[in-house]
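Participant: To start, I am sharing the structure in question, which I have written as structure tokens.
Derivation of every value follows stated rules applied to the coordinates shown; laboratory data play no part. Computed from a predicted model, the values in this text were never measured in an experiment. Cβ sites come from the backbone with ideal geometry, for glycine too, and all protein chains shown count toward neighbours.
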Amino acid sequence: MSTPQTLYEKIWNAHVVEQRDDGTCLIFIDRHLVHEVTSPQAFEGLRAAGRRVRRPDLTLAVPDHNLPTTARLDSHGQPIPIADPESAQQLEALERNAPEFGIDYINASDAKQGIVHVVGPEQGFSLPGTTIVCGDSHTACHGGLGALAFGIGTSEVEHVLATQTLQLTRSKSMEVRVEGELRAGVSAKDVVLHITGVLGAAGGSGHVIEYTGSVIRALSVEGRLTISNMAIEHGARAGLVAPDDTTFAYIKGRPMAPSGADWDAAVAYWRTLATDAGATYDKVVSIDAADIAPSVTWGTSPEDVLPITGIVPDPSAFADPSKQEAARKSLNYMGLTPGTRMTDIEVQNIFIGSCTNSRIEDLRAAAEILKGRKKAANVKWAIVVPGSGLVKQQAEDEGLDQIFTDAGFEWREPGCSACLGMNPDKVPAGERCASTSNRNFVGRQGPGARTHLVSPAMAAAAAVAGKLTDVRAFAN
Amino acid sequence: MKAISRVEGRAYPVGLKNIDTDVIIPAVWLKTISRAGLGKGAFESLRAVPGNVFDDPEYAGAPILIAGDNFGCGSSREHAAWAMADLGISAVIAPSFSDIFSGNAFKNGLLAIVLPQAAIDRLMEVARTDDIHIDLETQTVTTPFQDRFEFEIDPFRKHCLINGVDEIGLTLKSSDAISVYEAKLSADRPWLAPNPV
Ligand code: SF4
């Protein structure tokens, strides 16, 4: 009998083109997603060296980071020009580079357009057992389908375009097992925030994490994508969830996915991928679902996680002196005083969106809380940004847009939006935002912006209360 | 990639842990379509603080930066490595780096050197007054005070850095092996070919 293998080992082994003596492998890449921010210098490099794209058929380009989320077409159906000249230039570069190199390009006014990590799974481009890369660190997101997916830099984007491979060394493996039953008001986002709090921002460094246990098995694909999305926030190279019937049901019928006899062959293969009984991980971390509460961040690292019932920590309470220093800096930036109850922190902005939480299930969870309610008067800016045009359409078919606008939210076009401060959607300096995105770094949502990461339901509840609040008080 | 085998000079004693890519180069600087000129935005939020090391003439043009754990965590933006190179930095010394950052640094001939915290503490002290020397051939970091710290580096990366190897050119030599793999893949898993969008 062959040695038992983990899901990660199986995917890795199936993609080795060549192995060098020192263990470095040339790994084949099955899928490459390209967006406007991390690709222009890569295409420029190809042009300069007279190189072509080896497998345009395995490459898909879509703009998302830079695109304003306001209306894209005018009343005559003509594209509205982008005001910021640098953004416009970057978007034009992708629009030019994709056809020049023979790559499929989804344009800004196409209903299929959206955030790369929402579009890939939604189109059936991302599949279990594949290797997926993109010049964006949250590529780990696709691991929710059981794909080995990770972010790469621009030189690697160029390398994949030219060769459809990467030179890689194998990571260590870690199992994060979440067992039990989630308590009321606890979502996939709370699970991953909690995991990040437990592991720390560098806890997964050098590892590929497989999320296992009854909690993960019971999650929808949307929830698994949310978990895997933030693997990078606890330092992991990639996150994985073993594909199962839930995964197959999600993929079936998607436009770019296998169909007919191909479908059966694909499912048969995907069923062989789960970690074998007796396979071992380099590290195992167990988490009890009963310990997970609706969660929120207080600082400027995603590891700064507390249950919503918590209080702002005193930096001197941390054992590690460098963490004490970091916490002091964080609290100073965040304008918070130790001992303050999290539920006493007022917010002026609400952002529901990003590749972590902009799929239909996320919008439903937020709408559920907002139904028949209104945002508080002190909340100046509240926006919902669907992850793709198709998510937007579906939400509109379900009447969710109406619930949001009635509650005082703006209903936007798909894109990265206020997840990162590079398009017009920014949180003003010194103001707070309850945000469903994945990073609370200094300046992430705009210079001086103060981010509190939460789930979609918690963001909706914060909008109504005008401060961070416990979603469990809002059960409809 | 330009060849690099030694770096010597002053070092910015930054020392902080978890210096993320938004600190190294904030997102507003990412709208460029070129690799050059990003030094202006490098460490913008740290430079906003009066008396910071980057604007201290004592360290002007320092080719080395010393930091705490998990340097370069956060996004995959290679702009972080470009911005540091544009600022004139050729090497970073820290107890650990994010995986993506160390890959990006390597691709741009920027040394990402891992040393234990005790060595970092000592180098932070030396950096305030004196030069630091890094020798890639012997894999050592030394100071004028007889300190000598050895570091590990992947032999392949070392070879590429010292010889300024073009990695894509190197991989393209394996084109035939890639074709063989592709042929086997279409035979074994024909369903993997995506339907056009
Ligand atoms: S939504 Fe945010 S994290 Fe996701 S791809 Fe866009 S910028 Fe990156």
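Participant: What nm distance separates the two modelled labels at A:ASN13 and B:LYS158, each placed 7 Å from Cα along Cα→Cβ?
Facilitator: Inter-label distance under the simple model: 3.1 nm.
Participant: Give the residue list of GluC sites (Glu not before Pro) in the stretch B:91-165 that are DSSP loop and have at most 15 other beta-carbon atoms within 10 angstrom. Please report the intermediate quantities before stating the final value.
Facilitator: Details: sites: B:GLU125, B:GLU137, B:GLU150, B:GLU152; in loops: B:GLU137, B:GLU152.
Qualifying residues, ordered by number: B:GLU137, B:GLU152.
Participant: Still on this structure, I have one more. Shape of the protein assembly as shown from its Cα gyration tensor (a ≥ b ≥ c, root eigenvalues): rounded if a/c is under 1.5, otherwise prolate when a/b > b/c, or oblate?
Facilitator: The shape class here is rounded.
Participant: Taking θ as phi - 60°, what are the ³J(HN,Hα) couplings along the stretch B:168-179 by the Karplus curve (6.51, -1.76, 1.60), each to the nearest whole Hz, with x for Gly and Pro?
Facilitator: 5, x, 5, 5, 4, 5, 9, 3, 5, 4, 5, 4
Participant: Express in whole angstrom the spacing between the alpha-carbon centres of the stretch A:293-319 and the stretch B:34-80.
Facilitator: 27
Participant: Once every Cα of the stretch B:6-164 carries one equal point scatterer and solvent is ignored, give the base-10 log of I(q)/I(0) from the Debye formula at q = 0.09, 0.13, 0.20 Å⁻¹, two decimals.
Facilitator: Result of the Debye calculation: -0.26, -0.55, -1.37.
Participant: I would also like to ask the following. For the stretch A:1-58, state which trypsin sites (Lys or Arg not before Pro) are in a DSSP loop and have at most 15 other beta carbons lying within 10 Å of their beta carbon.
Facilitator: Here the sparse-neighbourhood loop sites are A:ARG20, A:ARG52.
Participant: Between rounded, prolate and oblate, where does the stretch A:59-187 land on the alpha carbon gyration tensor, with a ≥ b ≥ c its root eigenvalues, rounded for a/c under 1.5, else prolate if a/b exceeds b/c? Please report the intermediate quantities before stating the final value.
Facilitator: Numbers: a/c = 2.45, a/b = 1.40, b/c = 1.75.
It comes out oblate by the Cα gyration axes.
Participant: Using modelled amide H (1.01 Å from N, peptide plane; none on Pro or chain starts), what sits under 5 Å from the amide H of A:VAL296, excluding residues fewer than 5 places away?
Facilitator: For A:VAL296, the qualifying residues are A:LEU306, A:ILE308.
Participant: Looking at A:ILE383, A:ASN423, A:THR337, which one has the Cα that reaches farthest to the positive end of the dipole of the stretch A:336-434 (charges on Cβ: Lys, Arg +1; Asp, Glu -1)?
Facilitator: Result: A:THR337.
Participant: Moving to a separate point now. To the nearest Å, what is the center-to-center distance of the stretch B:83-128 and the stretch A:403-476, using C-alpha atoms only?
Facilitator: Here the answer is 34 Å between Cα centres.
Participant: Hey, can you rank A:100-108, B:31-39 by average C-beta count inside 10 Å, highest first?
Facilitator: Top to bottom by mean Cβ count within 10 Å: A:100-108, B:31-39.
Participant: Obtain the nm distance between the two label points defined at A:ASP110 and B:ALA177 by a simple spin-label model: each point lies 7 Å from its Cα along the Cα-to-C-beta direction.
Facilitator: In this crude spin-label approximation the distance works out to 3.5 nm.
Participant: Per residue of B:48-59, how many C-beta atoms from partner chains lie within 10 Å of its own C-beta, taken as a mean?
Facilitator: Working: counts 3, 1, 0, 0, 0, 0, 0, 0, 0, 0, 0, 0.
Taking all residues of B:48-59 together, the mean is 0.
Participant: Based on alpha-carbon centroids, what's the gap between the stretch B:173-197 and the stretch A:126-195 in Å, whole number please?
Facilitator: Distance between centres, Cα-based: 22 Å.
Participant: What FRET efficiency do you get for A:ALA184 and A:ALA377 if R0 is 30 Å and r is their Cβ-Cβ distance, rounded to the nearest 0.05? Could the numbers behind the result be given before it?
Facilitator: Working: r = 29 Å, r/R0 = 0.96.
Between A:ALA184 and A:ALA377 the formula returns 0.55.
Participant: To continue, here is another question. Mind giving me the nanometre distance, one decimal, between the label points for B:ASP131 and B:ASP188, set 7 Å out from Cα along Cα→Cβ?
Facilitator: 5.4
Participant: Through the Karplus equation 6.51 cos²θ - 1.76 cosθ + 1.60, θ set to phi - 60°, convert the phi angles of the stretch B:50-66 into ³J(HN,Hα) values in whole Hz; use x for Gly and Pro.
Facilitator: Working through the residues one at a time gives x, x, 5, 5, 5, 9, 7, x, 3, 9, 3, x, 4, x, 10, 10, 10 Hz.
Participant: Going by amide H atoms built from the backbone, whose H comes under 5 Å of the H on A:GLN113, apart from near neighbours?
Facilitator: A:GLY389
Participant: Across the residues of A:442-450, average count of Cβ atoms on other protein chains within 10 Å?
Facilitator: 4
Participant: A follow-up question, please. For A:GLY151, list long-range residues whose amide hydrogen, built 1.01 Å from N in the peptide plane, is under 5 Å from its own amide hydrogen.
Facilitator: Those qualifying (amide H under 5 Å, at least 5 residues apart or on another chain) are A:THR139, A:ALA140.
Participant: Let me ask something else. In what sequence do A:HIS452, A:HIS142 fall when counting other Cβ within 10 Å, fewest first? Let's see the in-between values first.
Facilitator: Values: A:HIS452 24, A:HIS142 34.
Taking fewest neighbouring Cβ atoms as first place, the list is A:HIS452, A:HIS142.
Participant: If you don't mind, there's one more thing I want to ask. In whole Hz and in residue order, list the ³J(HN,Hα) couplings for the stretch B:136-151 that follow from phi through the Karplus curve 6.51 cos²θ - 1.76 cosθ + 1.60, θ = phi - 60°; x for Gly and Pro.
Facilitator: Along the stretch B:136-151, the couplings run 6, 4, 8, 6, 9, 10, 10, 10, x, 9, 6, 5, 8, 10, 8, 10 Hz.
Participant: Ok, one more. Of all DSSP beta bridges in the stretch B:6-164, what percent run antiparallel (nearest 5)?
Facilitator: 45
Participant: In this model, which of A:LYS172/B:LYS31; A:LYS329/B:LYS107; A:LYS252/B:LYS173; A:LYS283/A:LYS467; A:LYS374/A:LYS426; A:LYS426/B:LYS17 are farther than 29 Å apart at the alpha-carbon?
Facilitator: Working: A:LYS172/B:LYS31 35 Å; A:LYS329/B:LYS107 32 Å; A:LYS252/B:LYS173 39 Å; A:LYS283/A:LYS467 39 Å; A:LYS374/A:LYS426 22 Å; A:LYS426/B:LYS17 26 Å.
Too far apart for the 29 Å limit: A:LYS172/B:LYS31; A:LYS329/B:LYS107; A:LYS252/B:LYS173; A:LYS283/A:LYS467.
Participant: Before rounding to the nearest 500, sum -39500 (n - 2.57) across all DSSP H runs of length at least 4 in chain A and divide by the residue total; then give [θ] at 222 nm in deg cm²/dmol.
Facilitator: One gets -9000 deg cm²/dmol as the mean residue ellipticity at 222 nm.
Participant: Return A:LEU148, A:LEU400 ranked ascending by Cβ neighbour count within 10 Å, so the fewest neighbours appear first.
Facilitator: Going from least to most buried by this count: A:LEU400, A:LEU148.
Participant: Taking the Cβ-Cβ separation of A:ARG96 and B:LYS2 as r and a Förster radius of 30 Å, what is the calculated FRET efficiency to the nearest 0.05?
Facilitator: Details: r = 29 Å, r/R0 = 0.97.
The calculated FRET efficiency here is 0.55.
Participant: Also, I was wondering about something else. Can you give the average number of partner chain beta-carbon atoms within 10 Å of each beta-carbon in peptide A:18-28, as a whole number?
Facilitator: The mean count of partner-chain Cβ atoms within 10 Å per residue comes to 3.
Participant: Any idea what log10 I(q)/I(0) is at q = 0.18, 0.20, 0.28 Å⁻¹ for the stretch A:136-201, Debye with uniform C-alpha scatterers and no solvent?
Facilitator: -0.89, -1.01, -1.42
Participant: Within 10 Å of each residue's Cβ, count the other Cβ atoms and sort A:ASP291, B:ASP154 from fewest upward.
Facilitator: The fewest-first ordering by Cβ neighbours comes to A:ASP291, B:ASP154.
Participant: Same structure, new question: Once you sort the root eigenvalues of the Cα gyration tensor of the stretch A:35-129 as a ≥ b ≥ c, which label holds: rounded (a/c under 1.5), prolate (a/b larger than b/c) or oblate (the other case)?
Facilitator: In terms of gyration-tensor shape, oblate.
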